[in-house]
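Working notes for the structure below.
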Amino acid sequence: MQALRLARQTTKINPLRVRALATAAPSVGTASGSNSQTTASVIPLSNVEAQWEKMSGDEQLAVHQQLEAIQKKDWKELSIDEKKAAYYVAFGPHGPRAPISPPGSGVKILFGTAAIVVTSSLLYWGLRQMTVSPPKTMTREWQEKSNERAKELKLDPISGISSEGYSGKGFVQSK
């Protein structure tokens, strides 16, 4: 809406090149003092949606101005085609509201995402297969022996493994 107002202020419309709406009377004018008369072609309001992208900026601006003039009337008097055209021009999927991705791209995105997840899972599994075994200090037996040694040495006697009533796992991390 703001862009159309700005364009309207900065662009001068040649009334001989602009097509009129079906609801407006065809314009008749003279070209810079000559006596030749031309009539503008009529754009049916029921077909504005199909023709909007094909129209030039001047024609789109003229249609927008005509619809603004039509909308000043009582809305109960407007035809269904006029209401549809006004809604399309104001809120249709053109300009900044045009769809970003084409229809049917959701399936491509789904399969692409699935392919990436499968590839990364295979890569993770392959790398896990090629790794070396964990160090011997990570075995459950080693960690249990570490607990016994800590109790012998009375490590952390206040709140740790050597304290009275200690119920923690100590150094055991393995399952």
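The values are calculated or read from the model by the stated rules, or taken from the named source; none is laboratory data. Computed from a prediction, not measured in an experiment: that's the story for all the values here. Cβ placement follows ideal geometry from the backbone for every residue including glycine, while neighbour counts extend to all protein chains displayed.
Report yes if K154 is part of a loop (DSSP other than H, G, I, E, B), surrounded by 10 or more Cβ atoms within 10 Å (Cβ to Cβ) and assigned by TED's automatic domain parsing to the domain that holds S46, otherwise no. No; evaluated as a whole, the condition is false for this residue. Going through (1) within 30 Å of E53 (Cα to Cα); (2) of a type in the set (K, R); (3) part of a helix (DSSP H, G or I) one by one, R128 falls short only on (1).
Set side by side, the residues A86, A114 differ, and just one is under 23 Å from E49 (Cβ atoms) and over 15 Å from the mean Cα position of the chain (by Cα), which is A86. Taking region 47-61 as the range and being crowded, with 16+ Cβ neighbours inside 10 Å and assigned to a helix (DSSP H, G or I) as the test, the residues that pass are V48, E49, W52, D58, E59, Q60, L61.
Only one of the numbered conditions (1) part of a helix (DSSP H, G or I); (2) surrounded by 10 or more Cβ atoms within 10 Å (Cβ to Cβ) is not met by P96, and that is (2). Among the residues of region 126-141, the ones that are modelled with pLDDT of 95 or more and under 22 Å from S162 (Cα atoms) come to 0 in all.
Go through S105, S163 for me and flag whichever is in contact with a Pro (Cβ under 8 Å, 6 or more places away or on another chain) and either farther than 30 Å from L61 by Cα or assigned by TED's automatic domain parsing to the domain that holds E53 (or both). Of S105, S163, the one residue that is in contact with a Pro (Cβ under 8 Å, 6 or more places away or on another chain) and either farther than 30 Å from L61 by Cα or assigned by TED's automatic domain parsing to the domain that holds E53 (or both) is S163.
Residue-wise test of (1) part of a helix (DSSP H, G or I); (2) without any contact (Cβ under 8 Å) to a residue 60 or more places away in the chain; (3) surrounded by 10 or more Cβ atoms within 10 Å (Cβ to Cβ); (4) not assigned by TED's automatic domain parsing to the domain that holds S46.
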{"site": "V63", "(1), (2), (3), (4)": "yes, yes, yes, no"}
{"site": "Q66", "(1), (2), (3), (4)": "yes, yes, yes, no"}
{"site": "I70", "(1), (2), (3), (4)": "yes, yes, yes, no"}
{"site": "D74", "(1), (2), (3), (4)": "no, yes, no, no"}
{"site": "L78", "(1), (2), (3), (4)": "no, yes, yes, no"}
{"site": "K83", "(1), (2), (3), (4)": "yes, yes, yes, no"}
{"site": "Y88", "(1), (2), (3), (4)": "yes, yes, yes, no"}
{"site": "I116", "(1), (2), (3), (4)": "yes, yes, yes, yes"}
{"site": "T119", "(1), (2), (3), (4)": "yes, yes, yes, yes"}
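Could you check, for region 104-111, whether at least one of its residues is under 30 Å from E53 (Cβ atoms) and part of a loop (DSSP other than H, G, I, E, B)? Scanning region 104-111, I find at least one residue that is under 30 Å from E53 (Cβ atoms) and part of a loop (DSSP other than H, G, I, E, B), so the answer is yes.
The listed residues are G92, G104, G112, and the only one of them that is on the phi > 0 side of the Ramachandran plot and not aromatic (F, W, Y) turns out to be G104.
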